[in-house]
Amino acid sequence: MKNQTPDNNFITSDFYTACLLLASDYHLVGINKADSKRYRFIFIDKQGRAQLVGGYFDGLIDINTRKFVNAIKELKSLMYNERDQLKMNKYEIWKIYHSK
């Protein structure tokens with residue numbers, strides 16, 4: 001899959017997919033501003049993510065509305081407040097992933 005990284009992270013540039021993952025308790029490890037118009041959201045991948053995202057686009061997923069709205073607010077805050085953006089190198093991402 002093209003959005004899968006060698007270190008088992010999942011990357012998406014779709015804002016609402018990122019909100020879905022965040023609201024579904026996926027761990028956000030970074031935000032990369034790929035260019036002036038696009039952000040890439042980096043999550044630690046979990047089994048079942050493809051089914052979750054597919055179900056979301058097919059309208060088959062029920063999600064807690066409050067968690068989804070909170071995820072929207074949190075991601076927008078991270079995107080538009082430079083000082084709050086997650087800036088992690090590969091070692092920091094590795095430490096988070098392997099500390100569980």
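If you take every residue apart from residue 14 with its C-beta less than 12 Å away from the C-beta of residue 14, what net charge results, scoring Lys and Arg +1 and Asp and Glu -1? Intermediate results must be reported in sequence, preceding the final value.
Numbers: positive: 38, 40; negative: none.
That sum, taken over residues with Cβ under 12 Å, equals +2.
Mind listing which trypsin sites (Lys or Arg not before Pro) in the range 9-59 are in a DSSP loop and have 10 or fewer other Cβ atoms within 10 Å? Don't skip to the end; give the middle numbers.
On the way: sites: 33, 37, 38, 40, 46, 49; in loops: 37, 46.
Answer in residue order: 37.
Search the structure for amide H atoms under 5 Å from the amide H of residue 30, placed 1.01 Å from N in the peptide plane, and list their residues when 5 or more places away or on another chain.
Under 5 Å from the amide H of residue 30 lie the amide H atoms of 42, each far enough along the sequence or on another chain.
Arranged by the count of other C-beta atoms within 10 angstrom, fewest first, what order do 21, 28 take?
Working: 21 26, 28 17.
The fewest-first ordering by Cβ neighbours comes to 28, 21.
Could you give me the ³J(HN,Hα) list for the range 14-30, computed from phi with Karplus coefficients 6.51, -1.76, 1.60 and θ = phi - 60°, whole Hz, x at Gly and Pro?
Taking θ as phi minus 60°, the curve returns 7, 4, 6, 5, 4, 5, 4, 5, 4, 5, 9, 6, 7, 8, 7, 10, x Hz for the range 14-30.
Values in this text are rule-based calculations from the coordinates and carry no lab data. Remember, predicted model here, so these are calculated numbers, not experimental data. When we count neighbours, we look across all protein chains shown, and the Cβ atoms used for this are built from the backbone with ideal geometry, even at glycine.
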